[in-house]
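The values are calculated or read from the model by the stated rules, or taken from the named source; none is laboratory data. Only a predicted model underlies this, so the values are computations on that prediction, with no experimental measurement involved. As a convention, Cβ positions derive from the backbone with ideal geometry for all residues, glycine included, and neighbour counts pool all protein chains shown. For accessibility, only protein heavy atoms count, side chains too; no ligands or nucleic acids. Shrake-Rupley method; radii C 1.70, N 1.55, O 1.52, S 1.80 Å.
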Amino acid sequence: MSNGFLSPAEIAQLAVEVGEKKSKETWWKLLILGILAGAFIALGFLVDIRVTASLPDSLASIKSLIGGAVFPVGLMLVVIAGAELLTGNMMTVPIAVHAGRASIGGLVYNWFWVLIGNLLGSLFVAGAFGVGAHLLTADPFKATVIAIATAKAKLAFGPTILSAIGCNWLVCLAVWMAYGAKDIVSKIFAIWFPIMAFVAIGFQHVVANMFVLPAGLWVGADYSWGKIIEEWCGAFIGNAIGGWIFTALAYYLVYLTKSRREA
C-alpha cells in the first residue's frame, strides 16, 4: 500500500478474499444484506426521479447529469454501510473462483440469495414509498417514472444485454476502486464518478430495474410482467458479463495468474 490507497494488484488480492467470504456466507445474512442493497439502490433511483422530474425534456443532458450526481448514494450505502449487491458480487465472487478460492457452487449460492434479497428490497421501496407514500403517483414524477420504465421495457433483448455490460463494467470498477480506498471520503469519490457515468449514459442495471419497472407498472405504464422479466433477464446476462469477463477475469489474468502458478 502506498499514499493511503491500495495498488491494483493489492485490490485484486483483496477482491479474492472478499469473494471467498461472500461465497461461504450464511444464507440468511446474504438475504438480509441483499434486501438492504436492493432498497439502497432503489432509494438512489427514487431521489434521481424526484430531483429531475420537473426539468424540461429540452434539458435532457442536464437531467441525466443531475440524476447521475445523486444516484450514487445507493452504492455508497452498499459499500460503506454494508450490504450485498448482486452486480458487485458478479465481480468479487468470480475473481475468487478463478483464483481457486471459491467454487461455482458457492457462486450460484451467493448470487441466488443476493438476487432474491435485492428483488425484495427493490419491490419494497417501489411499493411502500413510490406508491404507498405517493412519491411517484402524481405528475411530474408519475410521468417521469413511466417514461423511464417504458423505455427500458421496450428496449430489445440484444441491446439490453450490451447496455448492461457497459453498466456493470462501470459499477464493478466503482466497487474495485472503493476497495482500494482507505477512508470514507476516498471511497465516496471512487464510487461517485463511475456510477454517475453509467446513470448519465443510460446503461441497464438489473437491480435498479427491479425498482423502476415495477414502479412504472404500478403507476400506469403499459407493459406486462412478462416484459419486465424479459428485461431483467437481459440485464442480468449483460451485468454478469460486464462484472465477470470485463472486470474479474481481466484483472485476474493481469494480476493473479502468476501468484496462482507459484502457489
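Considering only residues that are touching a residue at least 12 places away in the same chain (Cβ under 8 Å) and not basic (Lys, Arg), which ones fall in the stretch 48-60?
From the stretch 48-60, those touching a residue at least 12 places away in the same chain (Cβ under 8 Å) are 48-54; that's our starting set.
Those that are touching a residue at least 12 places away in the same chain (Cβ under 8 Å) and not basic (Lys, Arg): Asp48, Ile49, Val51, Thr52, Ala53, Ser54.
Is it the case that Thr26 is in contact (Cβ under 8 Å) with a residue 24 or more places away in the chain, among the polar types (S, T, N, Q) and on the phi < 0 side of the Ramachandran plot?
Details: in contact (Cβ under 8 Å) with a residue 24 or more places away in the chain: no; among the polar types (S, T, N, Q): yes; on the phi < 0 side of the Ramachandran plot: yes.
No: the conditions fail for Thr26.
Of the numbered conditions (1) open to solvent by 60 Å² or more (accessible area, probe 1.4 Å); (2) touching a residue at least 40 places away in the same chain (Cβ under 8 Å), Phe193 fails exactly one; give the number of that condition.
(2)
Among Gly100, Gly106, which is the only one that is at positive phi, more than 19 Å from the chain's Cα centre (by Cα), open to solvent by less than 60 Å² (accessible area, probe 1.4 Å) and not β-branched (Val, Ile, Thr)?
Step by step, each of Gly100, Gly106 is checked, and only Gly100 is at positive phi, more than 19 Å from the chain's Cα centre (by Cα), open to solvent by less than 60 Å² (accessible area, probe 1.4 Å) and not β-branched (Val, Ile, Thr).
Pairs needed: first member in the stretch 72-90, farther than 15 Å from Pro194 by Cα; second member anywhere, of a type in the set (Asp, Glu) and part of a helix (DSSP H, G or I); C-beta distance under 7 Å; at least 6 residues apart or different chains.
Qualifying pairs under 7 Å: none.
Please pick out the residue among Ile49, Ile35 that is within 22 Å of Asn168 (Cα to Cα) and open to solvent by 40 Å² or more (accessible area, probe 1.4 Å). Give the derivation first.
On the way: Ile49 fails: open to solvent by 40 Å² or more (accessible area, probe 1.4 Å).
Within the list Ile49, Ile35, the selection yields Ile35.
Would you pick out the residues in the stretch 163-187 that are surrounded by 17 or more Cβ atoms within 10 Å (Cβ to Cβ) and aliphatic (A, V, I, L, M)?
Taking the stretch 163-187 and keeping what is surrounded by 17 or more Cβ atoms within 10 Å (Cβ to Cβ), we get 163-181, 187.
Once the filter is applied, which keeps residues that are surrounded by 17 or more Cβ atoms within 10 Å (Cβ to Cβ) and aliphatic (A, V, I, L, M), the stretch 163-187 yields Ala164, Ile165, Leu170, Val171, Leu173, Ala174, Val175, Met177, Ala178, Ala181.
What number of residues within the stretch 98-138 satisfy the criterion of being touching a residue at least 40 places away in the same chain (Cβ under 8 Å) and out of contact with any Pro (no Cβ under 8 Å at 6 or more places or on another chain)? Give the derivation first.
Within the stretch 98-138, the first condition is being touching a residue at least 40 places away in the same chain (Cβ under 8 Å), and the residues that meet it are 98-103, 106-107, 109-110, 113-127, 129-131, 135-137.
When the remaining residues are screened for being out of contact with any Pro (no Cβ under 8 Å at 6 or more places or on another chain), the result is 98-103, 106, 109-110, 113-121, 124-125, 129-131, 135-137.
Number satisfying all stated conditions: 26.
Among the candidates Ala39, Ala60, Ala99, Ala69, single out the residue that is more than 16 Å from Ala178 (Cβ to Cβ) and in contact with a Leu (Cβ under 6 Å, 6 or more places away or on another chain). Break it down into steps so the answer makes sense when it comes.
Values: Ala39 fails: in contact with a Leu (Cβ under 6 Å, 6 or more places away or on another chain); Ala60 fails: in contact with a Leu (Cβ under 6 Å, 6 or more places away or on another chain); Ala69 fails: in contact with a Leu (Cβ under 6 Å, 6 or more places away or on another chain).
Criteria check complete, one pass: Ala99.
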